[in-house]
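In what follows, a structure is listed as structure tokens, so that the remarks can point back to it.
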């Protein structure tokens with residue numbers, strides 16, 4: 001099920017990024033006492049009272065007069081567009097105001113805009129670090145957005161009350177209609193050919209069962225059969241909705257991709273062969289790995305590339321360098337426009353589905369473990385050799401392994417990577433992440 005989205009918005013330098021970092025528990029957004037530090041949206045996942053949600057930090061909202069007066073007007077304008085896009089995608093909005101500077105004309109303008117969205121808005125009055133500022137919180141009732149919640153993002157006071165209000169306002173999504181078969185999400189930057197790929201797949205003489213709305217406002221699920229296998233395709237741009245691109249909203253698709261990834265078993269990550277990898281590509285790949293979903297990298301527009309004998313291998317090398325989060329992802333090169341190798345996309349996706357369900361016999365797993373440890377014993381800081389006893393697979397989707405040893409705390413991350421590489425070399429696990437943990441001999445499997 002997709003996570004609800006909470007966007008933090010407000011004027012520049014009111015403490016949005018400080019709150020974002022505080023709520024997700026790590027320093028992701030850059031925090032400086034300088035207006036305009038945050039320009040692109042930043043995403044993180046957090047939870048409160050058992051509710052998981054995606055948190056979005058945005059750049060400061062400025063009116064046109066402020067933008068024109070800025071020395072970087074074009075950047076300020078794009079920052080504003082990014083923030084508006086986050087508002088459009090959000091289920092709940094945290095509107096941050098600053099008790100230090102007090103109620104401003106800019107706050108009124110942002111408040112007017114948020115009222116027009118008709119979305120739940122929580123008013124957070126930041127920098128309420130002393131009695132005088134806490135008393136000034138009541139001035140913000142004039143915005144007409146309900147009770148302002150005093151807080152200090154810097155010190156963490158009041159954030160619990162703010163999160164309580166957010167959780168109360170979050171939508172409770174209904175369970176999706178059950179449909180047999182894997183769910184395959186098609187994600188990627190705008191204009192890489194996602195919808196064209198969907199149309200090509202649906203034109204491959206396959207039986208379409210039904211089109212039904214997805215759990216997000218902008219996706220449409222298509223149920224179909226592929227060589228007798230039922231499949232649900234999730235198109236993040238909206239399947240076959242040509243000519244309905246909304247300026248400023250459709251241009252930014254990371255949140256839409258994240259929602260689709262949450263709901264999927266396997267992700268088809270579409271790349272434009274004619275363009276270099278971007279931060280958005282890397283963000284999507286990282287999120288797929290974080291959520292432990294299967295992945296296939298689909299390099300589209302291959303018909304536009306001047307090819308030599310080594311061109312495809314050069315692209316694979318570049319992908320391995322850029323997409324470091326998912327080195328196990330298979331890559332296919334297609335032209336959705338001309339239908340070239342499009343059938344391989346679905347076949348690879350269904351192969352990944354099976355890889356995610358693969359179980360390794362315990363005897364074969366322990367044979368691999370013995371040989372791996374014999375060929376490359378783990379380093380020990382104490383000088384006492386680390387002994388491995390046995391390993392077992394405890395779960396699938398994704399494949400999950402537990403290895404029991406004498407001193408799990410001394411296992412270096414590089415040795416974890418070595419064991420994963422040995423697993424992949426022996427048992428493949430194409431396109432799927434693997435979870436590995438190390439336990440003491442008598443520790444329970446949890």
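Neighbouring Cβ atoms within 10 Å as the yardstick, rank 382, 264, 152, 437 fewest first.
Arranged by neighbour count, lowest to highest, 382, 264, 152, 437 become 382, 437, 152, 264.
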So between residue 108 and residue 341, what do we pick up on full extension, going 0.36 nm a residue minus the alpha carbon distance?
78.4 nm
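If Rh is defined by the Kirkwood formula over all Cα pairs and Rg also comes from Cα, what ratio Rg/Rh do you get for segment 77-146?
With Rh from the inverse mean 1/r over Cα pairs, Rg/Rh is 0.99.
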Most exposed to least, judged by fewest other Cβ atoms within 10 Å, 412, 343 sort to 412, 343
Between residue 424 and residue 320, what is 0.36 nm times their sequence separation minus the Cα-Cα distance? Round to one decimal in nm.
35.9 nm
Can you tell me how much longer the chain between residue 370 and residue 384 gets when fully stretched, taken as 0.36 nm per residue apart minus their C-alpha distance, in nm with one decimal?
3.2 nm
Given points 7 Å out from each Cα along the Cα-Cβ axis, report the residue 354 to residue 141 separation in nanometres with one decimal.
6.7
What is the log10 of I(q)/I(0) for segment 362-440, computed with the Debye formula using one identical point scatterer on each Cα and no solvent, at q = 0.24, 0.27 Å⁻¹?
-1.25, -1.58
Could you please state, rounded to a whole Å, how far the C-alpha centre of segment 89-110 is from the C-alpha centre of segment 371-437?
49
So in segment 362-440, what percent of DSSP beta bridges are antiparallel if you round to the nearest 5?
50
Here the residues of segment 393-415 lying in the modelled label zone of residue 445, meaning backbone nitrogen under 18 Å from a point 7 Å along Cα-to-Cβ, are 393-406, 408
Please arrange 99, 317 by counting, for each residue, the other beta carbons lying within 10 Å of its beta carbon, fewest first.
317, 99
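Quick note: the coordinates plus some simple rules give every number you see, no bench work behind them. Predicted, not measured: the structure shown is a model, and the values here were computed from it. Glycine gets a Cβ as well: all are built from the backbone with ideal geometry, and neighbour counts include every protein chain shown.
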